[in-house]
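Enquirer: Here it is: the structure, laid out below.
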Amino acid sequence: MPKEVPGTSRRDFLKSSAAAICAAGISRNAFSPSPLASAADSALPAPDGLSIKKGLVLSMLPSKLPVADRFKLARDTGFEVIQAPTTSDTNHADEIKAAADSSGVRVDSVMNMDHWKFPLSSSDPSVVETSLQGMRTSLHNAKLWGSDAVLLVPAVVNPQTSYKDAWTRSQAQIRSLLPLAEELKIVIAIEEVWNKFLLSPLEMVTYISEFKTPLIRAWFDVGNVVAYGYPQDWIHTLGSSIFKVHLKDFRRKEDGYAWVNLGDGDIDWPAVRQAFADVGYRGSAIAELEPGDEPYLRDVSRRIDHLLLGKS
């Protein structure tokens, strides 16, 4: 499956992922409604105290629908919150706010959009400034929409940027954003992705703790670590630093790997569910999968109920 790379938007990354799945011989039926794998697992109760809001990224909803209808569809298929992308067009941003208000589905968070093509770890001041402006827009979007977090990929390690430089440069630039985050009361949530950076939960804890502020937290993606670790281990290690969560699933194969629908991959969902209970996670869990129609979205919603919330 193609990795996320600089110059690739999050939505393009998901599109290329779906194409790679098909090329590897996994049909789109992997994402269509189907019975979940284990009847025994469905009998497992939710751990005591587990309270998580169920959400999805805005790009999962049919793009042909007006924004208001997309939000209503999210509500009608069982989702409580939505993650929306950085929106520089003020009219479109207002449209998203109106859709959220009328549907009762909160815009939970903002997916910052400029951190891959224009990483904060770049040595080029113009690239960094473009990235910073994207984050400023995202933070103001969050305030307008009543969100409490902006997702940030903090750095990209590549032949031009060493691991050490990625660490120090990105931290310096994130610190420059803190006065605005403090003014707007928005958390900057650092996500672990395939950027050759923050490759272990111990590193991620250290990176976040060095800011010494509750406004820098972790955005944990359950699927992103399966290639080189175990989500439940990351959850236990990150602990209370986790502010938001993405949901994906991942399947290892003899000839590679593929992104698959929730419950169809290698994630030990009962262990993940228990880990979230162990650390007292109370935030949202946002599905980040390919887009689909109403039956597909209902199925994703049902899978989250079953796998993460322990509902039959």
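Enquirer: Please report how far the C-alpha centroid of the range 225-259 lies from that of the range 76-108, rounded to the nearest whole angstrom.
Expert: After rounding, the separation between the Cα centres reads 27 Å.
Enquirer: Let me ask something additional. Rolling a 1.4 Å sphere over the protein heavy atoms, what is the accessible area per residue of the range 235-292, to the nearest Å²?
Expert: I get 33 Å² per residue for the range 235-292.
Enquirer: For ARG169, what charge total do you get from the other residues with a beta carbon under 14 Å from its beta carbon, if Lys and Arg give +1 and Asp and Glu give -1?
Expert: On the way: positive: LYS164, ARG175; negative: ASP124, GLU129, ASP165, GLU210.
Residues near ARG169 contribute -2 overall.
Enquirer: Here's another thing I want to ask about it. Hey, which lysines would be in cross-link range of LYS97, C-alpha to C-alpha under 17 Å, not counting anything within fewer than 8 residues on its own chain?
Expert: Straight-line reach from LYS97, under 17 Å: LYS72, LYS143.
Enquirer: If you don't mind, there's one more thing I want to ask. What does the charge count near ASP266 come to, summing +1 for each Lys or Arg and -1 for each Asp or Glu among other residues with Cβ under 12 Å from its Cβ? Present the calculation step by step, with values, prior to reporting the outcome.
Expert: Working: positive: LYS248, ARG251, ARG252, LYS253; negative: ASP249, ASP264, ASP268.
Result for the local shell: +1.
Enquirer: Round to a whole number: what % of the accessible area of the range 186-230 belongs to carbon and sulfur, probe 1.4 Å?
Expert: 66 percent
Enquirer: Rolling a 1.4 angstrom probe over the protein chains, ignoring ligands and nucleic acids, what is the accessible area of SER240 in square angstrom, nearest 10?
Expert: Looks like 100 Å² after rounding.
Enquirer: Per residue, how large is the accessible surface of the range 58-151? Use a 1.4 angstrom probe and give square angstrom. Before the final figure, lay out the partial values.
Expert: Working: 3700 Å² over 94 residues.
About 39 Å² of surface per residue is accessible.
Enquirer: What is the sum of charges around SER200, taking Lys and Arg as +1, Asp and Glu as -1, for the other residues whose C-beta is under 12 Å from the C-beta of SER200?
Expert: Local net charge: -3.
Enquirer: What percent antiparallel are the DSSP beta bridges of the range 183-303, to the nearest 5? Please report the intermediate quantities before stating the final value.
Expert: Numbers: 5 of 16 bridges.
Restricted to the range 183-303, the bridges split so that about 30 percent are antiparallel.
Enquirer: Let me ask another. Given Cα positions, please report Rg to Rh for the range 256-312, the hydrodynamic radius being the Kirkwood one. Don't skip to the answer; put the middle values down first.
Expert: Details: Rg = 12.3 Å, Rh = 12.5 Å.
Rg divided by Rh gives 0.98.
Enquirer: Follow-up. Which entries of LYS54/LYS212; LYS117/LYS164; LYS164/LYS196; LYS164/LYS212 show an alpha-carbon separation above 22 angstrom in the structure shown?
Expert: Beyond 22 Å: LYS54/LYS212.
Enquirer: Let me ask something else about it. ASP293 versus ASP124, label points 7 Å from Cα toward the beta carbon: distance in nm?
Expert: 4.3 nm
Enquirer: Pairwise over distinct Cα atoms, reciprocal of the mean inverse distance: report the Kirkwood radius of the range 63-212 in Å, one decimal place.
Expert: 16.2 Å
Enquirer: Report relative contact order for the range 114-268 in percent, whole number only (criteria: Cα-Cα under 8 Å, sequence separation at least 6).
Expert: Rounded, it is 17 percent for the range 114-268.
Enquirer: Which of ILE208, VAL222, ASN195 sits farthest toward the positive end of the charge dipole of the range 186-225, with +1 on the Cβ of Lys and Arg and -1 on the Cβ of Asp and Glu?
Expert: ILE208
Enquirer: Cross-link candidates for LYS53: which aspartates and glutamates have Cα within less than 12 Å, leaving aside residues fewer than 8 places away along the same chain?
Expert: GLU80, ASP108, ASP305
Enquirer: So, one more: Ranked from highest to lowest mean number of other Cβ atoms within 10 Å per residue, what is the order of the peptides 203-211, 140-148?
Expert: Working: 203-211: 16.7, 140-148: 20.3.
So the order, starting with the most tightly packed, is 140-148, 203-211.
Enquirer: Applying 1/(1 + (r/R0)^6) with R0 = 35 Å to the Cβ-Cβ distance of LEU178 and SER102, what FRET efficiency is obtained, to the nearest 0.05?
Expert: Efficiency computed from Cβ-Cβ geometry: 0.55.
Enquirer: Between the range 201-222 and the range 132-167, what is the separation of their alpha carbon centroids in Å?
Expert: One Cα centre to the other: 13 Å.
Enquirer: What per residue convex hull volume, in Å³, do the alpha-carbon atoms of the range 72-137 yield? Walk me through the numbers on the way to the answer.
Expert: Working: hull volume 5.8 nm³, N = 66.
Spread over its residues, the Cα hull of the range 72-137 gives 87 Å³ apiece.
The values are calculated or read from the model by the stated rules, or taken from the named source; none is laboratory data. This is a predicted model, so every value here is computed, not measured. So basically every Cβ, Gly included, is an ideal-geometry build from the backbone, and we count neighbours across all protein chains shown. Just the protein is used for accessible areas: all its heavy atoms, side chains included, with ligands, DNA and RNA removed. Shrake-Rupley method; radii C 1.70, N 1.55, O 1.52, S 1.80 Å.
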